[in-house]
Amino acid sequence: MLYVLLIGLAAGAIAGLIVRGKGYGCLLNIVIGIIGAVVGNWLLPEMGIYIRHGIIGTLVTAVIGAIVFLFAVNLLKKILES
């Protein structure tokens with residue numbers, strides 16, 4: 001369980017830095033990272049992309065999924081605001 005939280009924290013923080021320029025805070029980074037891992041584990045194989053397992057592979061998959069998730073959230077936010 002601690003492994004999932006640590007990977008989620010790292011993935012959320014990295015995705016936050018890439019998308020926003022700063023993180024979202026410890027708890028929200030964990031949530032974003034875990035959602036990103038789910039999105040990445042679903043999306044990447046659907047696109048024919050397979051990343052090796054292990055800590056680095058899991059982290060890369062979670063970061064890619066978290067970036068896609070944050071992009072979708074930001075897009076939805078802009079649509080709802082207009």
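Test of understanding: among 16, 21, 57, 40, which residue is on the phi < 0 side of the Ramachandran plot, out of contact with any Leu (no Cβ under 7 Å at 6 or more places or on another chain), surrounded by fewer than 13 Cβ atoms within 10 Å (Cβ to Cβ) and not β-branched (Val, Ile, Thr)? Spell out how you get there, then give the answer.
Numbers: 16 fails: surrounded by fewer than 13 Cβ atoms within 10 Å (Cβ to Cβ); 21 fails: on the phi < 0 side of the Ramachandran plot; 40 fails: surrounded by fewer than 13 Cβ atoms within 10 Å (Cβ to Cβ).
Exactly one residue qualifies, and that residue is 57.
Which condition number does residue 48 fail, the rest of (1) over 15 Å from residue 71 (Cβ atoms); (2) of a type outside the set (Ser, Thr, Tyr); (3) surrounded by 13 or more Cβ atoms within 10 Å (Cβ to Cβ) being met?
The single condition residue 48 does not satisfy is (3).
Filter segment 18-71 down to residues that are part of a loop (DSSP other than H, G, I, E, B) and aliphatic (A, V, I, L, M) and give me whichever is modelled with the highest pLDDT. First the steps, then the outcome.
As a first pass, look at segment 18-71 and keep what is part of a loop (DSSP other than H, G, I, E, B): 20-25, 47-54.
Applying the additional criterion that residues be aliphatic (A, V, I, L, M) yields 47, 49, 51.
Details: 47: 94, 49: 91, 51: 87.
It comes out as 47.
The values are calculated or read from the model by the stated rules, or taken from the named source; none is laboratory data. In this text the structure is predicted, and so the values were computed from the model without any measurement. Using ideal geometry, Cβ is built from the backbone for each residue, glycine included, and neighbour counts are taken over all protein chains shown.
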